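Beneath this line is the structure, given in structure tokens, with notes to follow.
Every read-out reported here was derived from the displayed coordinates using simple, explicitly stated rules and does not represent laboratory data. Remember, predicted model here, so these are calculated numbers, not experimental data. Every residue, glycine as well, gets a Cβ built from its backbone with ideal geometry; the counts of neighbours run over all protein chains shown.
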Amino acid sequence: MDKLAIIGGRPLYGDIEISGAKNSALKLMAAALLSDKPLALSNVPRLADVDMLLRLLEALGVETKRNGTDLTLDARTITSTLAPYDLVRKMRASFNVLGPLLAREHQAKVSLPGGCAIGARPVDLHLKSLEAMGAVIELDEGYVIASAPRGLSGARIAFPFVSVGATEHAMMAGVLAKGDTVLINAALEPEIVDLADCLRAMGAKIEGDGGPEIRITGVSSLNGADYAVMPDRIETGAYALAAGAAGGEVFLRGARLDLIGAAVGALEAAGIQLTARDGGIVAARPAERCVGVDIVTDPFPGFPTDLQAQFMAVMTTAQGVSTIRETIFENRFMHAPELARMGAKISVNGQVAMVTGVPRLKGAPVMATDLRASMGLVIAALGAEGQTMVNRVYHLDRGFERLEEKLVRCGALIERVKGE
């Protein structure tokens, strides 16, 4: 397996181009199944997760054409409604083909999903939403077998708790359902709005996205569209935090402050200046060290769970004590022992981590446990003394496009070491 060798202690100066949002692009790609006309997406990040979903879509009969960050998906003929285990197990977002297949073809057989080991993340809400629309669902040997011979029907769906994935799934199923669908306690994330904007460009009738109640009036068919994926808010926050750990000043080209919610206040309270500028955001750490700040992860517009590991990495060398409470996923502090190998002082008690800042971390061999934890270790390494070797960086390849290239251009000493 590949590794990243990083020699820390060098401040970052330069431009970092923010890629298209992975979490949004994957759902927009699945939405291509809803139409027999081509969907042309631009600003699609070049990532392992995108490649995996492309393989699945191609297995379903979708014709794909890719040129850099431009991607055209033509699902005029769906040749299969089976999403097999081998193509779904590695990435949870693959499960979102279920709703579009069911809405358009009235049947689907999709493997239960896999992904990062950060908790159970069940799909119950996804399935209950589809059942509310009239689908008959069975579970058999690790597969979801769904059918709706007469098509889906609109329904009033009240989510017991906020779920981005279930909201997206219900939206995609609802656009082709007969009648009206109302989603109560819907997720507020910017990716929800991005999906709704794309579906509207394809001819869907959706209102209220970005708020807790989304109203969908089903249509008989959707058109193709040209659509640009939103910038990645998690990548934006991660590189801003990298500047916080290493020092310096970076221009995050294409980034938008409105997409990162409560993270703006938390980063600024920690001493990372974020300034909106034409075409992006300037992130800088003018002081010698950051300051400890308490955070609680929450659905948008709260502090994103996908930035928790990166924020913890910065807090390890901040002045004072910080408390991090994780409310979204269990088992999402697996990076804490790895940071401790670098000299961090972290005490974990259930879903709460207490971090006592030290003046400097020291390089050490560390092991990535999931995508966001991997970036947290990279950020810690950028500010550490000496060399850090980050193992199992295939996680990073799933979610951060051209990571080494972007950091090297800002003065970081980072190199990929090819595995055997």
**OP:** Please order Thr369, Thr323, Thr305, Thr316 by the number of other Cβ within 10 Å, starting at the fewest.
**Re:** Thr323, Thr305, Thr369, Thr316
Subject >> Ala59 paired with Glu138, simple spin-label distance in nm, labels 7 Å along Cα-to-beta-carbon >> reply: 2.1 nm
Subject >> Electrostatic dipole magnitude of the range 22-227 [Cβ: Lys, Arg +1; Asp, Glu -1; Cα centre; debye, to 20] >> reply: 120 debye
Subject >> Distance cut-off 21 Å, percentage of C-alpha pairs in the range 22-227 lying past it >> reply: 46 percent
**OP:** Would you work out which of Gly411, Ala353, Ala373 lies farthest towards the positive end of the dipole of the chain, given +1 charges on the beta-carbon of Lys and Arg and -1 on that of Asp and Glu, about the Cα centre?
**Re:** Gly411
**OP:** Give the residues of the range 277-300 whose amide nitrogen is closer than 19 Å to a point set 7 Å from the Cα of Gln319 in the direction of its Cβ.
**Re:** 284-295
Subject >> Cα-Cα P(r), the chain, percent of pairs per 10 Å interval >> reply: 5, 23, 31, 24, 13, 4, 0
Original post:
Can you sort Ile18, Ile137 by how many other beta carbons sit within 10 Å, fewest first?
Top reply: Ile137, Ile18
Subject >> Spin-label pair Glu288/Asn67, simplified geometry with 7 Å Cα→Cβ offset, distance in nm >> reply: 5.4 nm
**OP:** Would you mind ranking Ile260, Ile414 so that the residue whose beta carbon has the fewest other beta carbons within 10 Å leads the list?
**Re:** Ile414, Ile260
Original post:
Under DSSP H, which helices of the chain have Cα atoms covering 27 Å or more of the helix axis and a Kyte-Doolittle average no less than 1.0?
Top reply: none
Subject >> Over the chain, relative contact order from alpha-carbon pairs under 8 Å, at least 6 apart, % >> reply: 21 percent
Original post:
Charges only on Cβ, +1 for Lys and Arg, -1 for Asp and Glu: so what's the dipole of the chain about the Cα centre, in debye to the nearest 20?
Top reply: 460 debye
Original post:
Rule-of-thumb check for the range 325-417: C-alpha Rg over 2.2 N^0.38 Å?
Top reply: 1.09
Subject >> Helical mean residue ellipticity (222 nm; -39500 (n - 2.57) per DSSP H run of 4+; nearest 500) of the chain >> reply: -8500 deg cm²/dmol
